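Report on the following structure.
The values are calculated or read from the model by the stated rules, or taken from the named source; none is laboratory data. Here the structure is a predicted model, which is why all the values come from computation and not from measurement. Reconstructed Cβ throughout: ideal geometry from the backbone, glycine too, with neighbour counts over all protein chains shown. All accessible areas refer to the heavy atoms of the entire protein, side chains included, with ligands and DNA or RNA removed. Shrake-Rupley method; radii C 1.70, N 1.55, O 1.52, S 1.80 Å.
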Amino acid sequence: MDSQFAIIPAALGMMLGPQILSSVFLATSEKPRPNSAAYVVGVFAGATVGMLVAYFLATLWEEVTDETSAGSDLLVWLMVALLVFLIIRTFRGRKTAETPAWMTKLQTAEPRMSIRLGFLLMAFMPANIIIMAAAGTYLVDNDFAFVQSFWLIGTATLLAALPILAIVLFGERADRALPGIREWMDKNSWLISIVVYVFFIFALLS
């Protein structure tokens with residue numbers, strides 16, 4: 001599977017958990033539109049910076065190993081091992097995962113906090129770092145340019161914007177539906193994450 005589109009599902013893994021939940025909370029906050037807009041900008045910036053670093057490091061690794069097959073294979077297997085680690089950690093923590101206490105403060109958040117939150121959640125969450133490293137490795141290993149990473153970045157940004165877009169488009173119906181959607185995603189995000197990780201492992205190994 002040597003298509004640049006193979007990295008798109010990785011955006012799901014990056015957004016599930018506190019990332020998408022924060023988006024829902026901000027969309028129902030006291031200042032939903034400015035907070036959501038700021039958060040989406042933060043997500044875009046965080047994903048872009050993270051992917052830029054991941055792509056650069058993967059390219060550097062390829063140059064250091066003189067583009068040898070052994071060096072490339074080693075990096076791919078390292079990414080696979082890290083994804084397997086994420087699968088095990090996610091599965092083991094499926095029953096004890098809780099919504100972070102700081103999310104309750106998002107109801108009264110300001111745009112400055114929202115943009116910072118979006119950036120930090122995308123660029124510095126351990127799981128996201130591993131996912132972006134794997135995506136960067138995949139792109140470099142298949143000779144894709146960095147611009148192809150915007151399939152992932154754009155998808156993550158769109159997912160971050162979905163809650164506020166739903167409210168703008170569907171009004172009160174979306175307002176009533178979002179709490180239920182938030183609860184469902186909170187309970188099942190572990191399973192969706194594992195599916196995404198497994199898919200990405202197959203993408204890296206194919």
(message) Can you pull out every residue in region 88-113 that is in a helix (DSSP H, G or I) and in contact with a Pro (Cβ under 8 Å, 6 or more places away or on another chain)?
(response) 103, 111
(message) Residue under question is residue 58, and the condition is that it be more than 16 Å from residue 140 (Cα to Cα), at pLDDT 90 or above and of a type in the set (A, V, I, L, M, F, W, C); does it hold?
(response) no
(message) Please go through (1) within 16 Å of the chain's Cα centre (by Cα); (2) farther than 19 Å from residue 6 by Cα; (3) open to solvent by less than 80 Å² (accessible area, probe 1.4 Å) for residue 116 and return the number of the only condition it doesn't satisfy.
(response) (3)
(message) Quick check on region 23-44. Is at least one of its residues part of a helix (DSSP H, G or I), open to solvent by less than 50 Å² (accessible area, probe 1.4 Å) and closer than 18 Å to residue 138 by Cβ?
(response) no
(message) Would you confirm, using the coordinates I've provided, whether residue 78 is outside any loop (DSSP other than H, G, I, E, B) and more than 28 Å from residue 39 (Cβ to Cβ)?
(response) yes
(request) Residues being surrounded by fewer than 19 Cβ atoms within 10 Å (Cβ to Cβ), β-branched (Val, Ile, Thr) and under 22 Å from residue 6 (Cβ atoms): count how many of those fall in region 154-200. (result) 4
(request) For residues that are within 11 Å of the chain's Cα centre (by Cα) and of a type in the set (A, V, I, L, M), scanning just region 147-157, find the one that is farthest from residue 39 (Cα to Cα). (result) 152
(request) With the condition kept exactly as written, say whether any residue in region 106-113 is free of Cβ contacts under 8 Å to residues at least 40 places away in the same chain and of a type in the set (Lys, Arg). (result) no
(message) Checking the condition polar (S, T, N, Q), under 12 Å from the mean Cα position of the chain (by Cα) and either closer than 24 Å to residue 196 by Cα or open to solvent by 40 Å² or more (accessible area, probe 1.4 Å) (or both), which residue from 4, 19 passes?
(response) 19
(message) So, in region 125-139, exactly how many residues are open to solvent by 10 Å² or more (accessible area, probe 1.4 Å) and either in contact with a helix residue (DSSP H, G or I) (Cβ under 8 Å, 6 or more places away or on another chain) or within 14 Å of residue 52 (Cβ to Cβ) (or both)?
(response) 5
